[in-house]
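See structure below.
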Amino acid sequence: MSSTHHLKKTFFLIAIFYLIIQNKITAQEKEEAAFSPHHQIGISINHVHVFEGRDEEGNRKTLTLPAWGLDYTFQFHENWAIGLHTDFIIEKFKVEKNLEGGDDKETVERSYPIAPALMGIYKPNESWSFLLGFGGEFAKEEDFFLTRAGVEYGYELPKGWEIFGTASYDFKWNAYDSWGIGLGIAKNFGGK
């Protein structure tokens, strides 16, 4: 046999070996990337904006209120999750109930309201989440039913950690609405 024939045969065997190894690596990566249901706990620092706010003299004022978010999420499918997402506004404020029927708009005081909502979450990919849910805003003065819609963008970190940005809109029935933005960190549990 000629040396050219040996070289071709060696090249052919190396190519076959490479394809087998590459196929095995790709299969392992797919197994590692396979979805597994998991839980996530997150905390965020937020700003809640209320357009119908009132100052001490009763004049209309847009309010920017500090808040914390505490989120629990269970991702049961690659694209779907449910969660309990709770906002804690850490300030007292006054707001006009502009969504209530009638011409005479009532101004109400809110003392450190807590707003949990049961959320349905759609995740078209690993980074983006679209949220819709229902809950309530609870304060010592009065409680309001709410509908919440939101969007989140998360960036995965090593060891199950994630940083995320969030934007949400709360429609408080027969009361007022607010929107919020925030940044947070979350930890995944129970996955792979």
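List of remarks:
- Loop GluC sites (Glu not before Pro), the stretch 113-185, which have at most 11 other Cβ atoms in a 10 Å radius of their Cβ (DSSP): E141
- Given K92/K187; K61/K172; K92/K123; K61/K123; K123/K159; K94/K187, the pairs whose alpha carbons are separated by over 27 Å: K92/K187; K92/K123; K61/K123; K94/K187
- Residue-span extension gain [F35 to K159] - 0.36 nm each, minus C-alpha spacing: 43.1 nm
- Extension gain (nm, one decimal) between D55 and W128, 0.36 nm per residue minus Cα-Cα: 22.6 nm
- Residues in the stretch 105-135 that a label on N79 would reach, taking backbone N under 18 Å of a point 7 Å out along Cα→Cβ: 120-132
- From phi via Karplus (6.51, -1.76, 1.60), per-residue ³J(HN,Hα) for the stretch 35-49 in Hz, x at Gly/Pro: 5, 9, x, 7, 9, 9, 10, x, 10, 9, 9, 10, 10, 9, 10
- Other-chain or far-sequence residues with amide H under 5 Å of K92's (modelled H): Y112
Values in this text are rule-based calculations from the coordinates and carry no lab data. Owing to the predicted nature of the structure, the values given are computational and were not obtained by experimental measurement. Reconstructed Cβ throughout: ideal geometry from the backbone, glycine too, with neighbour counts over all protein chains shown.
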